[in-house]
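Colleague: Handing you this structure, nothing more for now.
The values are calculated or read from the model by the stated rules, or taken from the named source; none is laboratory data. These numbers come from a predicted model, not from an experiment. Quick reminder, even Gly has a Cβ in these numbers, built from the backbone with ideal geometry, and neighbours come from all protein chains shown. In case anyone asks, the SASA skips ligands and DNA or RNA and just uses the protein heavy atoms, side chains included. Shrake-Rupley method; radii C 1.70, N 1.55, O 1.52, S 1.80 Å.
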Amino acid sequence: MRKLTYFVACSIDGFIGDPSGDAGSFFQFVKDDFLQFLSTEYPDTVSAEGRRMLGLESAENKHFDTVVQGRGSYQLGLDANMPSPYGHLRELVASRTIEKSPHPNVEIVTEGLVDRIRELKAEEGGKDIWLCGGSQIAGELVDEVDELVIKTYPQVYGSGMPMFGSGFAIADFALDSVRAFDDGIVVRWYSRKR
């Protein structure tokens with residue numbers, strides 16, 4: 001069974017973006033040892049454009065072969081004229097407003113997202129599934145998340161877009177490991193307790 005991993009960037013106080021969803025303030029920290037970590041350990045989570053800029057076009061995907069994101073996250077790629085921002089992965093976009101996919105590599109999921117994720121998890125072989133964001137689909141998929149990889153940046157937002165945009169629900173996870181970086185970024189790996 002393949003895992004659904006929520007690999008996400010957040011502030012110290014648990015927000016993945018400001019009230020409008022913008023997380024651009026985190027980018028200043030993506031350098032030096034942390035950039036090296038992303039490039040070598042998680043090249044699959046670097047956008048196609050980022051891979052080109054970093055010379056990672058031929059880098060093998062280490063963890064994921066599929067990415068799932070919401071309309072808001074996907075819109076960032078569309079706004080940058082990248083209709084397939086993660087072309088090295090199978091891309092799914094959960095959206096009720098996009099009627100037709102703007103790229104052959106992008107599958108639009110308009111309804112039944114949980115069922116579609118369960119189908120993907122049940123596929124034989126392959127790598128895991130990366131839940132890229134955003135908050136609303138993370139909330140919808142919270143019961144399907146098997147692993148959390150939380151990249152915590154040394155900023156406090158005070159308010160904004162929470163990691164999981166859902167009603168109150170308790171889900172237990174076990175801390176597997178922690179790694180700290182020079183600029184104060186901390187990455188934590190958690191596995192779901194079932």
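Colleague: Determine ³J(HN,Hα), in whole Hz, for all residues of segment 152-169 in sequence, where each value follows from phi through the Karplus function 6.51 cos²θ - 1.76 cosθ + 1.60 and θ = phi - 60°; x replaces Gly and Pro.
Modeller: 9, 8, x, 9, 10, 8, x, 7, x, 8, x, 4, 10, x, 8, x, 5, 7
Colleague: Turning to a different aspect of this structure: Using only the Cα atoms of segment 59-194, build the gyration tensor, take square roots of its eigenvalues as a ≥ b ≥ c, and label the shape rounded, prolate or oblate: rounded if a/c is under 1.5, else prolate if a/b is larger than b/c, else oblate. Intermediate values should be presented prior to the final figure.
Modeller: On the way: a/c = 1.41, a/b = 1.32, b/c = 1.06.
It is rounded, given that a/c, with a ≥ b ≥ c, falls under 1.5.
Colleague: Identify which of P154, P104, P19 has the largest mean-square fluctuation in a Gaussian network model of the chain, with springs joining Cα atoms closer than 10 Å.
Modeller: Largest GNM mean-square fluctuation: P104.
Colleague: Take the alpha-carbon positions of segment 1-119, form their convex hull, and give its projected area averaged over all directions (one quarter of the hull surface) in nm².
Modeller: Working: hull surface 34.0 nm².
Taking a quarter of the hull surface, the average projection is 8.5 nm².
Colleague: Turning to a different aspect of this structure: Please report the accessible area of F27 (heavy atoms, 1.4 Å probe, ligands and nucleic acids excluded) in Å², nearest 10.
Modeller: Result for F27: roughly 150 Å² accessible.
Colleague: For segment 42-150, run through the GluC sites (Glu not before Pro) and keep only the ones in DSSP coil with at most 13 other Cβ atoms within 10 Å of their Cβ.
Modeller: Answer in residue order: E57, E60, E99, E111, E123, E124.
Colleague: Same structure, new question: Could you please state, rounded to a whole Å, how far the C-alpha centre of segment 75-108 is from the C-alpha centre of segment 22-63?
Modeller: Taking the Cα centre of segment 22-63 as reference, the centre of segment 75-108 is 19 Å away.
Colleague: What value, in deg cm²/dmol to 500, does the helix sum -39500 (n - 2.57) over DSSP H runs of n ≥ 4 give at 222 nm once divided by the residues of the chain?
Modeller: The helix-only estimate for the chain comes to -6000 deg cm²/dmol at 222 nm.
Colleague: Please work out the average accessible area per residue across segment 1-108, using the 1.4 Å probe convention, and give it in Å². List each step's numbers first, then the result.
Modeller: Values: 5400 Å² over 108 residues.
Normalised by residue count, the accessible surface of segment 1-108 is 50 Å².
Colleague: Just subtract the alpha-carbon distance of L54 and D13 from 0.36 nm times their residue separation and send over the number in nm, one decimal. Numbers along the way, then the final one.
Modeller: On the way: separation 41, 0.36 × 41 = 14.76 nm, distance 3.02 nm.
Between L54 and D13, full extension yields an extra 11.7 nm.
Colleague: While we're looking at this one, here's another question. What is the spin-label model distance, in nm, from D79 to D115 if the labels are put 7 Å beyond Cα along the C-beta direction?
Modeller: Those two pseudo-labels are separated by 3.3 nm.
Colleague: Starting from the amide H of F173, placed 1.01 Å from N in the peptide plane, find each other amide H under 5 Å away whose residue is 5 or more places distant or on another chain.
Modeller: Distant-sequence amide H within range of F173: K193.
Colleague: Could you work out how far apart the two model spin labels at Q36 and D183 are, taking each label as a point 7 Å from the Cα in the direction of the beta carbon, and quote it in nm?
Modeller: Rounded to a tenth, the inter-label distance reads 1.4 nm.
Colleague: Which FRET efficiency value, to the nearest 0.05, is calculated for E124 and F173 with the Förster distance at 30 angstrom and r the Cβ-Cβ distance?
Modeller: Details: r = 26 Å, r/R0 = 0.87.
It comes to 0.70.
Colleague: Of the candidates L54, L141, L89, which one comes out as most mobile in a Gaussian network treatment of the chain with C-alpha springs shorter than 10 Å?
Modeller: Comparing L54, L141, L89 in the GNM, the peak value goes to L54.
Colleague: Gaussian network model of the chain, Cα springs within a sub-10 Å range: biggest mean-square fluctuation belongs to which of F29, F168, F181?
Modeller: Most flexible of the set in this elastic network: F168.
Colleague: While we're looking at this one, here's another question. Please give the net charge around S159, taking every other residue with its beta carbon less than 12 angstrom from that of S159, where Lys and Arg add +1 and Asp and Glu add -1. Working shown, then result.
Modeller: Numbers: positive: none; negative: D13, D18.
Local charge sum for S159: -2.
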